[in-house]
Amino acid sequence: MKKALITGITGQDGSYLTELLLEKSYEVHGIIRRASSFNTERIDHLYQDPHIHGTRLFLHYGDVTDSSQISSLLYDLKPEEIYHLAAQSHVRISFDTPEYTGDVTGLGTIRILESLRKVGLKDARFYQASSSEMFGLVQQVPQTEKTPFYPRSPYACAKAYAYYLTVNYRESYAMHTSNGILFNHESPRRGETFVTRKITRAATRIKLGLQEKLFLGNLDARRDWGYAPDYVRAMWLMLQQDTPDDYVIATHEAHSVREFISEAFGILDLDWQEFVAFDPRYQRPAEVDLLIGDYTKAKKRMGWKPSVTFKDLVRLMIEADLNLARHEKAMLYSQQNKEERP
């Protein structure tokens with residue numbers, strides 16, 4: 001039975017990757033930060049499964065800012081595969097917390113790589129979650145593995161640093177380290193502060209009378225949006241290759257934020273222009289106007305390709321958030337009834 005360690009296991013990608021690895025009979029270990037409240041909603045259905053809990057899924061308190069704890073965990077577990085997904089991953093917020101973003105998103109990677117080397121796990125396979133944001137002010141359309149980086153945010157700069165460290169450890173110490181340059185990937189598990197989920201959440205709440213307006217920044221930004229479960233499958237495939245390498249994972253299609261809004265509200269028979277308003281607070285100091293990836297290398301080397309179209313992705317998210325909004329409305333109605341009783 002293979003053993004894998006996932007940082008960022010409670011995030012969107014971490015939860016889908018955990019499901020995938022458990023389906024493939026892995027023993028999965030995840031690092032979670034100690035906090036005043038639990039943040040394990042995305043994996044609770046797995047962790048609470050009596051057939052999995054305590055047998056093949058284990059959670060450990062830790063933090064990628066603590067190198068001694070990372071080293072200790074790697075020494076004790078000796079995983080064959082490490083998927084490093086943990087990061088401060090919100091681009092807009094990285095402008096407000098640049099030092100913290102650099103510490104977690106950038107230095108977090110070197111702490112794991114150096115721990116792997118010092119602990120003697122140089123044969124372990126390491127996946128670094130790199131980002132299309134590294135391309136920033138794009139120098140080539142579409143973007144490939146050979147396109148120069150031009151990062152336009154503290155988040156993107158930190159990811160570029162982590163990318164080059166991953167390449168450096170591969171070349172310097174013959175370690176099996178690979179970068180997945182993942183373009184935007186979404187799902188019903190996407191965090192609600194990210195623009196796609198913010199849109200689908202608002203649209204469904206507006207449909208049910210729970211919200212009046214949606215405030216957004218740049219509607220003209222164009223992104224290459226895929227489906228998160230497809231992308232975690234690519235992560236796993238990278239670590240199954242005999243030779244480590246770097247891969248662009250994308251759909252080779254670009255759509256604007258405005259298109260996403262129109263599609264989402266259209267599914268609900270709503271005119272988005274009646275409900276969406278501009279708010280300059282959501283604009284970035286330096287914008288990234290267009291990201292579109294060429295996944296040819298991933299297709300040729302690993303047989304990977306996306307399986308969900310843009311329209312189907314939006315519909316998946318709308319349907320999930322509509323159920324959530326209905327539940328929210330029912331709870332609100334129940335609460336109001338209780339308050340009105342004598």
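One table, with the values for the structure above:
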| quantity | calculated |
| --- | --- |
| Of the criteria (1) under 21 Å from residue 232 (Cα atoms); (2) out of contact with any Pro (no Cβ under 9 Å at 6 or more places or on another chain), which one residue 151 fails | (1) |
| Residues within the stretch 102-131 that are on the phi > 0 side of the Ramachandran plot and among the acidic types (Asp, Glu), tallied | 0 |
| Scope the stretch 63-121; condition in contact with a strand residue (DSSP E or B) (Cβ under 6 Å, 6 or more places away or on another chain) and more than 30 Å from residue 194 (Cβ to Cβ); matching residues | 77, 80 |
| Only listed residue being open to solvent by less than 10 Å² (accessible area, probe 1.4 Å), among the hydrophobic types (A, V, I, L, M, F, W, C), in contact with a Ser or Thr (Cβ under 8 Å, 6 or more places away or on another chain) and in contact (Cβ under 8 Å) with a residue 24 or more places away in the chain, chosen from 291, 219 | 291 |
| Given (1) in contact with a strand residue (DSSP E or B) (Cβ under 8 Å, 6 or more places away or on another chain); (2) of a type in the set (Ser, Thr, Tyr); (3) free of Cβ contacts under 8 Å to residues at least 60 places away in the same chain, number of the condition residue 7 does not satisfy | (3) |
| Qualifying residue in the stretch 267-280 (condition: at pLDDT below 95 and either part of a helix (DSSP H, G or I) or surrounded by 15 or more Cβ atoms within 10 Å (Cβ to Cβ) (or both)) | yes |
| Evaluation of residue 44 against (1) at pLDDT 90 or above; (2) within 24 Å of residue 194 (Cβ to Cβ) (one fails), failing number | (1) |
| Candidates 224, 246 - the one that is within 20 Å of residue 12 (Cβ to Cβ) and among the acidic types (Asp, Glu) | 224 |
| Near pairs, Cβ below 8 angstrom, 6+ apart or cross-chain, from the stretch 63-87 (farther than 17 Å from residue 129 by Cα) to any residue that is open to solvent by 60 Å² or more (accessible area, probe 1.4 Å) and assigned to a strand (DSSP E or B) | 80/125 |
| Counted residues, the stretch 302-331 - those being buried (at least 19 other Cβ atoms within 10 Å of the Cβ), in contact with a strand residue (DSSP E or B) (Cβ under 8 Å, 6 or more places away or on another chain) and closer than 17 Å to residue 266 by Cα | 3 |
| Selection within the stretch 252-262 - outside any strand (DSSP E or B) and open to solvent by 20 Å² or more (accessible area, probe 1.4 Å) | 252, 253, 258, 259, 262 |
| Which listed residue, of 183, 194, is in contact with a Gly (Cβ under 6 Å, 6 or more places away or on another chain) and either modelled with pLDDT under 95 or not acidic (Asp, Glu) (or both) | 183 |
| The lone exception for residue 20 - which of (1) at pLDDT 85 or above; (2) at positive phi; (3) not hydroxyl-bearing (Ser, Thr, Tyr) it fails | (2) |
| Neighbours by Cβ (under 6 Å, 6+ apart or cross-chain): first from the stretch 118-130, in contact (Cβ under 8 Å) with a residue 24 or more places away in the chain and aromatic (Phe, Trp, Tyr); second open to solvent by less than 60 Å² (accessible area, probe 1.4 Å) and not in a helix (DSSP H, G or I) | 126/82; 126/177; 127/83; 127/178 |
| Scan of the stretch 128-145 for residues that are surrounded by 20 or more Cβ atoms within 10 Å (Cβ to Cβ) and more than 20 Å from the chain's Cα centre (by Cα), ordered by number | 142 |
| Residue match in the stretch 15-22 (condition: part of a loop (DSSP other than H, G, I, E, B), crowded, with 23+ Cβ neighbours inside 10 Å and not polar (S, T, N, Q)) | no |
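The values are calculated or read from the model by the stated rules, or taken from the named source; none is laboratory data. The structure displayed is predicted, hence computed values, not measured ones. Ideal geometry is used to build each Cβ from the backbone, glycine not excepted, and the neighbour counts take in all protein chains shown. Protein only, heavy atoms only, side chains kept; ligands, DNA and RNA dropped before computing areas. Shrake-Rupley method; radii C 1.70, N 1.55, O 1.52, S 1.80 Å.
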